[in-house]
1. Got a number for residues in the range 129-155 being open to solvent by 10 Å² or more (accessible area, probe 1.4 Å) and either under 11 Å from the mean Cα position of the chain (by Cα) or not aliphatic (A, V, I, L, M) (or both)?
2. Go through the range 173-205 and report how many residues are touching a Phe, Trp or Tyr at 6+ places or on another chain (Cβ under 7 Å), part of a strand (DSSP E or B) and surrounded by fewer than 22 Cβ atoms within 10 Å (Cβ to Cβ).
3. Here are some conditions: (1) in a helix (DSSP H, G or I); (2) in contact with a His (Cβ under 9 Å, 6 or more places away or on another chain). ALA275 meets all but one. Which one does it not meet?
4. Which condition from (1) surrounded by fewer than 22 Cβ atoms within 10 Å (Cβ to Cβ); (2) closer than 23 Å to ARG420 by Cβ; (3) over 25 Å from the mean Cα position of the chain (by Cα) is the one that ARG328 breaks?
5. Out of the range 430-449, which residues are open to solvent by 30 Å² or more (accessible area, probe 1.4 Å) and in contact (Cβ under 8 Å) with a residue 60 or more places away in the chain?
6. Within the set of pairs 6 or more residues apart or between chains, which connect a residue that is of a type in the set (Ser, Thr, Tyr) inside the range 259-270 to a residue that is part of a loop (DSSP other than H, G, I, E, B) with Cβ atoms less than 6 Å apart?
7. Just to check your reading of the model, which residue among ALA398, ALA373 is over 12 Å from ALA307 (Cβ atoms), part of a helix (DSSP H, G or I), aliphatic (A, V, I, L, M) and at pLDDT below 95?
8. Can you name every residue in the range 273-287 that is surrounded by 19 or more Cβ atoms within 10 Å (Cβ to Cβ) and more than 23 Å from PRO175 (Cβ to Cβ)?
Amino acid sequence: MDAKHPPLMATHEVINQAHALENYNAYARNIPLQEAAAREGAGWAHDWLMARGAEVGSAEWIEHGRLANVNAPQLRLFDRYGNRRDEVEFHPSWHECLGWLKRHGCDTGPWAEPKKGAHVARAAAYVMFAEIEDGSLCPTTMTYGAVPVLKHVPEIARDWMPLLLSREYDRRFIPAAQKKGVLIGMGLTEKQGGSDVRANTTRAEQLSDGSWRIVGHKWFLSAPMCDAFLVTAQSPKGLSCFFVPRWTPDGRLNEIRIQRFKDKMGDRSNAGAEAEFWGSTGWLVGEEGRGIPTVLEMGVYTRLDCAIGSTGIMRAALSQAMHHTSLRAAFGKLLRQQPLMQNVLADMALEVEAATALSLRLARAFDAQEDEAESQLRRILTPLAKYWICKRCPTLVAEAMEVHGGNGYVEEGPMPRLFRQSPLNSIWEGSGNVMCLDVLRAMAKHPRSVEFLMAEIEPAFGKSAVFDRWVSWLKDELQDADAIESRARRLVQDLALALQGALLLRFAPDYVAQAFCATRLAGDWGYAFGTLPKNSDFESILKRAWPE
């Protein structure tokens, strides 16, 4: 055999491939999250969050997230003897995930142990868990939102609040009185109404013992394995909210009949169902005929979690992209060293840092609910943050998938699951149009909310000429009431960008803030990632986003 024809070699040698991202600390690697948590009042939780970051970044917990999604929940309508059961069975990793969330107070921790920064600390832990598994966050979030609603109903709070505030997760399908901890779901959406819950046709009639009998169909019953649900139904005085447990007080299965699971694009670990209420027993929550304000009180908290959860998904996508490009080479250099790839990665890093700053600033408003400024700010900032952060999430995740090339598109890796999950928070708990209209309602009904929002923005004046011009123009836009509803999306987008820019100018390194403003607030931003100005400090941005 001569030199022109070397001997045949093995055909399968793995070179120039990244290994799986695992056994890292998701908090230690996330400097913007650390700084935001400390700045917004949860500095006391640093060591606790560092421990949580080590857990969720471990190979064990990453595998739990994967297994919970590749092993979909199963619906068991009947037991072996033909008795109606309507039970949901899950893979053990799903239960591990819910156990972690319950154990660390990601559902009701701020009420079980109230202290300054409790909602912020919870938000930081929520961001990190969203990086590995998102379906289990659905019942966690609904339980979080149910507490402020149910604590005002003494006859329910007496028996249920200790179980809601418990740190024990109890997977058993038994009456709540026999359990160590419970979770709450909800059923609002009907096929004919969607976001227009006033069009609901489910009916409720009061019985002699004070309970209500509920009959109707729900197009989406979120997390049907939960121990009870907040459900809307038409009563004699109008649309009302009801507390409907899976089991009645005498130990019988309540008449909640699951019709089928939704075959969802993503969120595979979590069951979503259509259900019928065949004379289900429930109890009134809030004032009869005032069901919408009641569920909106819950919705304020769940919308916060949509913003936080999307921040976590984006951070997961960025982490995967940084990890991959730090190990994969092309054309003689690591991908991370290629100038155009640096621009793309740095641009994504700015987006994630801005989302982190905005979502944790919003969480602080939930920690100071007795303060008028924070209460007003929460009113306008919740739909604003949910709209913009959730809207940016799919775009960023798609870009991060592209960074991986073909490897990003195969199901063996994490990117397809992140991509399928990425649009959900923008849909759940009110679509983009609903959020933008809610911002307009806040501006109209609570005009001081705009005043307090501008008070968050104005301290950044003088730090960037681009920012100053943007905010001056935005103030003029706020005075223009002509066709405001039709341009609500643009207005809310611009408000969100102004606040993100202000937070970065005030608290982030100058190389982060200036690069953010030079694109998002320059007026000619093309929205594609990788369009930062040539004088941007790419290397510093990347080192901050993914420190060694």
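The values are calculated or read from the model by the stated rules, or taken from the named source; none is laboratory data. Bear in mind the structure is a predicted one, so any value in this text is a computation, not a measurement. With ideal geometry, Cβ positions are generated from the backbone for all residues, glycine too; neighbour counts draw on all protein chains shown. Ligands, DNA and RNA are excluded from the accessible area calculation, which covers all protein heavy atoms including side chains. Shrake-Rupley method; radii C 1.70, N 1.55, O 1.52, S 1.80 Å.
1. 7
2. Looking only at that region, the number is 1.
3. (1)
4. ARG328 satisfies all of (1) surrounded by fewer than 22 Cβ atoms within 10 Å (Cβ to Cβ); (2) closer than 23 Å to ARG420 by Cβ; (3) over 25 Å from the mean Cα position of the chain (by Cα) except (2).
5. Matches in the range 430-449: SER431, VAL434, MET443, HIS446, ARG448.
6. SER269/GLY135
7. Going through ALA398, ALA373 in turn, just one is over 12 Å from ALA307 (Cβ atoms), part of a helix (DSSP H, G or I), aliphatic (A, V, I, L, M) and at pLDDT below 95: ALA373.
8. GLU274, GLY286, listed by residue number.
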